[in-house]
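A short worksheet on the structure shown next.
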Amino acid sequence: MGLLTTRWEAKYEGHNLTVTRNEVGRGFSLEWDGVEIARRSWSWIGLGELHGTADVEGKHHDVKVVLEWAGFSELDGRCTITVDGTDIPVTHVR
């Protein structure tokens, strides 16, 4: 767990996706290529769902993030990112 933030990163068709959770306020945000496309200001113990849309070259991509409890094996929780209905690999960075 990061001191004040937890971060997950993923790639989708050459684009960078980042999920950052604020450990103090338990809010989290989603970025697509460095641009925030969705934010949740607070969630119960830092868990929940977030939805955003990325517009790339005239195409809309539906992005869904789910942060869920994963037991004691993953203390920061599990982050799942789905783009256009397909789960993509996610890396816990900090």
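The values are calculated or read from the model by the stated rules, or taken from the named source; none is laboratory data. Since the model is a prediction, treat every value here as computed from it, not as a measurement. For neighbour counting, all protein chains shown are included, and Cβ atoms are generated from backbone atoms with ideal geometry for every residue, glycine included. Remember, those area values only see protein heavy atoms, side chains included, never the ligands or the DNA or RNA. Shrake-Rupley method; radii C 1.70, N 1.55, O 1.52, S 1.80 Å.
Per-structure values
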read-out	value
Sulfur and carbon atoms: percent of accessible area, the chain [1.4 Å]	53 percent
Relative contact order (%) - the chain, alpha-carbon pairs under 8 angstrom, separation at least six	25 percent
Among Val65, Val83, Val56: highest mean-square fluctuation, GNM of the chain, C-alpha pairs under 10 Å	Val56
Size of region 7-94 as Cα extents on the principal axes (Å, biggest first)	40, 24, 20
Exposed chymotrypsin sites (Phe, Trp or Tyr not before Pro) absent: longest stretch of the chain, with sites in DSSP loops and at most 16 other Cβ within 10 Å deemed exposed	1-41
Contour minus Cα-Cα distance for Arg39 and Asp62 (0.36 nm per residue)	6.8 nm
